[in-house]
1. Here are the criteria: (1) on the phi > 0 side of the Ramachandran plot; (2) touching a helix residue (DSSP H, G or I) at 6+ places or on another chain (Cβ under 9 Å). Tell me which single one Ala607 does not satisfy.
2. Would region 455-471 turn up any residue that is at pLDDT below 90, within 15 Å of Thr495 (Cα to Cα) and part of a helix (DSSP H, G or I)?
3. Report every pair of residues separated by at least 6 positions or lying on different chains whose Cβ atoms are under 6 Å apart, first residue within region 220-242 and part of a loop (DSSP other than H, G, I, E, B), second surrounded by fewer than 16 Cβ atoms within 10 Å (Cβ to Cβ).
4. Give region 595-631 a look and list any residue that's over 18 Å from Ile693 (Cβ atoms), in contact with a Ser or Thr (Cβ under 9 Å, 6 or more places away or on another chain) and either basic (Lys, Arg) or surrounded by 22 or more Cβ atoms within 10 Å (Cβ to Cβ) (or both), or say none.
5. Give Asp130, Asp160, Asp151 a once-over and let me know the one that is modelled with pLDDT of 85 or more and not hydroxyl-bearing (Ser, Thr, Tyr).
6. Being acidic (Asp, Glu) and either within 8 Å of Leu120 (Cβ to Cβ) or assigned to a strand (DSSP E or B) (or both) is the filter here; which residues of region 137-151 pass it?
7. Is it the case that region 622-641 has a residue that's touching an Asp or Glu at 6+ places or on another chain (Cβ under 6 Å), in contact (Cβ under 8 Å) with a residue 40 or more places away in the chain and in a helix (DSSP H, G or I)?
8. Looking at Ile435, Ile442, Ile457, Ile482 in this structure, which one is surrounded by 14 or more Cβ atoms within 10 Å (Cβ to Cβ) and over 24 Å from the mean Cα position of the chain (by Cα)?
Amino acid sequence: MVNIREKSTVSALEKHSQIIGLFRRLGANPQENINIILEQICHILDGYCSLYHRIDDAKHRLVIEASFNKPDNFFPEFTIDGPVYREVFSRGIQTAIDIPDVTQSYHMKTMSDIRRHGILAYLGYPVQIDERIVGYLGVMDIQPRTFDPDDIFCISALADAITHQERLLHMENQRLHWSNLQGITSSQEHFAELMESEEKYRLVVENANDAIYILQDGHIIYANPKAVETTGLSREELADISFLALVHPDDKQDIVNKYRKRLKGEKINTTYTTRLVTRQNTTIWVQINAIEVFWDGKPAILIFTRDLSAIKKLEDQLQRAEKMEIVGTMAGGVAHDLNNILSGIVSYPELILMQTPDDDPIRELVESIHDAGMKAADLVQDLLTLTRRGVMVDDVISLNHVVRDYFDSPAHKRLEKSAPHVSFDTLYEPDLLNICGSAAHILKVVMNLVINAAESIPDPGTVSVSTSNKYVDEPFSGYDDIMEGDYVVLTVTDTGKGIAPADLGRIFEPFYTKKKMGRRSGTGLGLSVVWNTVKDHQGYIEVTSSPGRETVFELYFPATRKQSDTVESDFSIEDYMGNKESILIIDDIEQQRKIAASCLNILGYTAYSAPSGEEAIEFLKYQPVDLIILDMIMEPGIDGLETYKRILEISPDQKAIIASGFSLTHRVNEALNLGAGGYIKKPYTIKNLAKAIKKELLIF
């Protein structure tokens, strides 16, 4: 068995670099590619071993299809109704299985192989085709560990890579003798011949994961379903335009030149990268493979296009991280030297001022020197933030208190005087969860965002600052990749001129600005400080803007249910205590069930939980409860509305509270119309649970 290297701390930058390198290593053999992915994911995440289980529908088993460093006597397969299947497939699609300590997992800890080989941590992600889970990529470790968001991003990206290899394997099983859509030209030519001569291979083309076009005289005479999906145009619409009409204006001439050279018989590179524009006016990067063929007896061009959006986004993130890391390294050294110099410029003027009478003419000059030194000291602090050495303070803080502290500060009073044409609005979530970190750093973030917003407004306008709780039910990608979880969100909105798309990707770079000289305040590092501070707090940033429209910054900070030293006095838990009434929590996310149960226990209720609607229904057949708290979105299986309908068939008077991470939807409203007594928005807090339960159970 391979000896695994000692544990080391691998940065997000290194992980992303390794993934890009991995993509470039993949060749024409899908099975070999899967083996490469298994080896590399183990190294990237510094695991003990990696496994790829595939579902064998015929045998009703979960079979190890590929592995790296797997113990020799590790059990090769599991039954579909066994504990491993229950653990990894109960979460649904696009959901990571993060088990930092296997001994705390009800299903995993029962496996003899897990115990025998000392497996103590597991991170997995589903491999899916067309929203159907076909297998599972997993990394195991022999010591408990916490997997961070970068680890989850890496395993999700490589699970997607295995999905593509699975599609290629499916094509090979259909006896299509070409390696892959990026592969060898001779294979593509053979594929073109098969398309024309054998109808049975049309099924492969129609289900290919890459867009396929056939051109004659520059016009599209065939487009497969993936081409329709990618462009947003129907087959009929594609048939009415030339392929050149899809190409980005800045790339058209290059495509025309290649086309002319091809018609002249000149040898050109058949694989190249370009940009296409969709119906929604969205630009996507694609890789094109083009070869000459004959179609209906006439010369034609067969084009394969592969969407490179995910890879391009990863490369952009890597470049952004590299820039920030380079500047941070430089800033750390410069800041150290500047601090030594500034100690004299700041301290000595203070000593002189202490000994100088108020009416002395020299006092004003010394004060100017002192103020300049203090501004330079602020610049040094911003430079130190760019070094990204982590937030050393881990206090439990209220974002509401931090925002209020900023708006009460002298810095904001000065901003109001310098920008009288700007009004400032605030909206605070009354039941806001706490976050962990440094109040001083977060206050600097609020200040920089508000100042930046105010300076972007040339005419009378408004800067709005709000706080809110938000439960992210499924990971989503925007400016940042935001993972599932409970968050406290800081939103800063301005009615300024907006940000151009070309500038949006650079706004967090140090000293990057579009402001005119004289309108720029501060150190030029404001948004860079925001980016680094949020990342130091394990948070995420979402930015939406366009020229002439409002700009919205949303900062996602991981929420905590720890209590800060300052507790709001308008809520007394004693007024909302229960008397051991029984409550069933129905939620497919284990962490959400645990959080709700903990809150209920504190409130004096008897808590039960069920991970699915089906299990809740079976439970209630034999164990009635006073109240159910029902999540609306549960996968796989029936959702909250269908669960509630079936529960009413068993117990027509069942009292219920609906919970969801989203705003009110038509399905929530339908449940309320059926008799559910209330709706609470995730994330759970003791306060919102206590009030909703008291109202539904009529406890006074």
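1. (1)
2. The answer is yes, given that some residue of region 455-471 is at pLDDT below 90, within 15 Å of Thr495 (Cα to Cα) and part of a helix (DSSP H, G or I).
3. Between residues of region 220-242 that are part of a loop (DSSP other than H, G, I, E, B) and residues that are surrounded by fewer than 16 Cβ atoms within 10 Å (Cβ to Cβ), the close pairs are Asn224/Glu206; Gly232/Thr278; Gly232/Arg279; Gly232/Gln280; Leu233/Arg279.
4. Scanning region 595-631 gives a single hit, Gly613.
5. From the options Asp130, Asp160, Asp151, the qualifying one is Asp151.
6. Asp141 - this is the single residue of region 137-151 that is acidic (Asp, Glu) and either within 8 Å of Leu120 (Cβ to Cβ) or assigned to a strand (DSSP E or B) (or both).
7. Among the residues of region 622-641, at least one is touching an Asp or Glu at 6+ places or on another chain (Cβ under 6 Å), in contact (Cβ under 8 Å) with a residue 40 or more places away in the chain and in a helix (DSSP H, G or I), which makes the answer yes.
8. Going through Ile435, Ile442, Ile457, Ile482 in turn, the sole match is Ile457.
The values are calculated or read from the model by the stated rules, or taken from the named source; none is laboratory data. All figures in this text were calculated on a predicted structure; none of them were measured in a lab. Don't worry about glycine lacking a Cβ; one is built from the backbone with ideal geometry, like all the others, and counts go over all protein chains shown.
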